[in-house]
Structure formats: C-alpha cells, structure tokens
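Inspection log for the structure reproduced underneath, given as structure tokens.
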Amino acid sequence: MEIMDKMTNTSTKNENLAEKSIPVFDMYSYNKKSQNPNIIITISLYLLTVVYALSVTMLGPLMSTLISEYKIRLSHGGLVVTFQNVGGILSIALGSILADRIKKSKIIIVAYIVYGASLLLISTSPSYGLLLGLFFTLGAGTRMVDSISNAFIADLHPDKRGTYLNMLHGFFAIGALLGPIYSQYLINRGITWNKTFSILAVICAIVLVIFLIMLKQFPPVYINKSEIRNLNFSKVMKSPAIWALCLIMITYSAHQSGINTWWVMYMQDYIKVPELISSISLSVFWIGIILGRFICSYFINYIKPKYILIWGNLSGGIILTLSIIIGKPVLLVTAIGLAGFLTGAVIPMLVTVACGWYPQNSGTASSMIFFSGSLAQIFFPWLIGYIIEGFSFKSGIIITGI
C-alpha cells in the first residue's frame, strides 16, 4: 500500500505539471461531436487488435503438423515461440524510442504491414530456418502494434484512458480466445496448416485498408503536440514509479503465460481430467479475462486503478493458489475463470496509470510496460517447466497463483 501511495503522489505531481503545459484538446474538446473521429479510429483499432490477436494463440493446434512437416524434434518446435517473442522484445524496445517522435498511426500501419507480409511468407516457407526468421518478424510486427496501439488509444482519449484501454484489451482477449478455434476449424475442413496463415494475411490486409480509410476520412483530434514534447524520455525510463509498474507487469505476465503454456497439460496429466475439460478450462480463463476487462471499462469511472490492481491481483491469486492446493477439478475450473476475471484488467490498468503520469511520453511509458511483460513471457514458462521437471507439476503450476 505504501508503494501504491507513493505512486499516486507521483501521479498527482505529473498530472499537475501536465495541466500547466498541456491543453487536452483543441477548441472542440468539450463538444461531443469532436469525439466522433476518435471513436471511429478507436473502433478500427479494436478490429486490428482482434485480427492480430488470432495469430498469438492460433499456433497450438498446428504445432504437431508443423513439426511433422519440417521433420524436426519437439524441442526445436518450441523455437518458433522463442523467435516470435525475441522479435517482439526488440520491436518494443525500438518502439519506446520511436513512439514519441513519429506519428503513432504511421508506426501502426508499418508494423501491420510487416505482420501481414510475415503471415503470407510463412505460408510459403520452404525451410524451418526461414520459418523461424519469419516468426521473428511476425513477433516484431504484432508486439509493435500492441504497444503503440495502447499509447495511441491513451492519446486519443486522455480523459477516459481506462475505459477505452480496457475495451482494447477485451477485444485482444476475444481474438486470443478465437485463435485456436480459427486454426482448428480450418484444419478440420481439410485446409493445410500453411494456408491458415495465408487466409489470415488476407483478413489482415482487409482490416488494414479499413483502418487507412478511417484515418483519411476521420482524422483524429489530438492533444496539442507542439506543447507536449518537453519531457525527455530518459526521465520516464529512470522513474522508480514506472519501474514499480513494470514489476507488476512481470508478475502478471508470469501468471498468464504460465497458465497458457502449462494449464491444459496440468489438468490432463496431473489432475487426470478428460482432454475436452482441460481445453475448456483454459477457455474459461480467457472468458473470465474478457468479462473482467469489459466490466472494468465501466467501473473504472468509479474505482481508482490502484484499487483494481491491488484487490484484483490479491483476490485472484489467493483463489487460484487455494484451488491448486486442494486440487479438485470443479474447483480448479471455477478458480481459473475467477482468476481470469479478477486479474484481467491488470495490463490496461498499468498502461492507464503510466500514460496518465506521462502523457507527454505515452509511447515510452507503454513500451516499458510491454517490454517487461515480454521478458516474463520468455523466462517464466521455462522456469515453471524446469520446476515441474525437477520437483512436481503442482510445485510448478502453483507459481501462477503466487
């Protein structure tokens, strides 16, 4: 609580500084009509987000076919995710430098083109080495879109960041939930694994064209950019309060990536429940996240972000940890859904707080949050697997609750 109070004091100081130097909107700022362009651009960003989120989770049902196609070992199959995450980390680092110097809409467009081109080339890759390189660029494109879209939304809606960022992440969760369903559906209809990527590339091109049309027809109303670039981004990177947010992001990403990687196997091999129930339990987790984010987009107007972060994480962690200790299947499925619901708003809340403190450098602030999360996504699934291998499944999976 003391840390959060210090963070709140930092927030107040930065907001006071911002009020002195930043006119939030132009002459139309209090006219409801002026919000229409920003709402339309925001909706098109949500559409982009759903489509790129499909690629984040669609790989699961395709892994066995991919391993067979390229005649590689299981351990080498995991390199696909590793290369994707490394590409993502490097692009987020680059984004933290570029986001407050170049128009965010232009960065999103370029990154989405990289994403779509990578999807198309993956569908024609003749070798596994080239495939790994393409997953590197795929990760770079998607993670750049992810971090910059958050900063862009924060710029478009400075007075309601929490609402629109929660909705952005809610649409991401919808795409992530649909990803395995999308790829499994096409495979079941006899479509080859590589064509699932080329079909998604076509969808990607369509939504990007929609976004470009919306930008041209409805230019967004920005904060007055001539007066907001007076804070050096290095000062943001040295802020103890921002690093405290990054630490929270690391712990949450460890929780989420650990569940995404190991939960289904834990339910099948350790709890001994049927495969269908194991898969459904992971879907219940993502449904909980979706509900948590959309509901929070409303309640953020009445509850401070710090309380959502503290009590959501605390209650979700306790419920999940107790269910793992008890080990009853019905309790585990219920607890994983509640954990998703209670902690689902963590990422949008972190971005909301960070961009509220530093509206002058929203790109740098949000990129630091996502960079921290990407590091956790690489390290913690491996750590949990290492603990499972050396001790027990229960010892490893309980990290997701702690």
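None of the figures in this text is laboratory data; all of them are computed from the coordinates on show. In this text the structure is predicted, and so the values were computed from the model without any measurement. Methodologically, a virtual Cβ is constructed for each residue, glycine included, from the backbone with ideal geometry; neighbour enumeration extends over all protein chains shown.
Remarks
- For the chain: rounded, prolate or oblate by the Cα gyration tensor [a/c cutoff 1.5]: oblate
- Cα-based shape type of the range 194-331, given that a ≥ b ≥ c are square roots of the gyration tensor eigenvalues and the cut on a/c is 1.5: oblate
- With a Förster radius of 45 Å applied to the beta-carbon distance between Lys272 and Gln217, the computed FRET efficiency rounds to 0.20.
- Placing a label point 7 Å from the Cα of Lys106 along the Cα-to-Cβ direction, the residues of the range 353-369 with a backbone N closer than 20 Å are 360-365, 367.
- A crude spin-label estimate for the pair Ile40 and Thr124, with each label 7 Å from Cα along the Cβ direction, gives 3.6 nm.
- Considering only Gly258, Leu177, Thr400, and ranking their Cα positions along the charge dipole of the range 2-400 that arises from unit charges at the beta-carbon of Lys, Arg, Asp and Glu, the one farthest toward the positive end is Leu177.
- Computed lengthening from Tyr386 to Lys71, 0.36 nm per intervening residue step minus Cα-Cα distance: 110.8 nm
- Rounded to the nearest 20 debye, the dipole size of the range 2-400 about its Cα centre is 480 debye, using +1 on the Cβ of Lys and Arg and -1 on the Cβ of Asp and Glu.
- Residue-wise HN-Hα coupling along the range 139-148, computed from phi with Karplus coefficients 6.51, -1.76, 1.60 (Hz; x: Gly, Pro): x, 4, x, 5, 6, 5, 4, 4, 5, 6
- Sites matching chymotrypsin sites (Phe, Trp or Tyr not before Pro) across the range 296-402 that sit in DSSP coil, with at most 10 neighbouring C-beta atoms within 10 Å: Tyr302, Phe391
- In the structure shown, the pairs Lys104/Lys304; Lys160/Lys306; Lys272/Lys328; Lys103/Lys306; Lys306/Lys394 are assessed against 19 Å; a Cα-Cα span above that value is assigned to Lys104/Lys304; Lys103/Lys306; Lys306/Lys394.
- Helices in the chain, meaning DSSP H runs of at least 4 residues, each add -39500 (n - 2.57). Divided by all residues, the mean residue ellipticity at 222 nm is -26500 deg cm²/dmol.
- Taking label points 7 Å from Cα along the Cα-to-Cβ direction, Ser64 and Tyr298 give a separation of 4.1 nm.
- Average Cα contact separation per residue, the range 2-400, under 8 Å, 6 or more apart, as relative contact order %: 27
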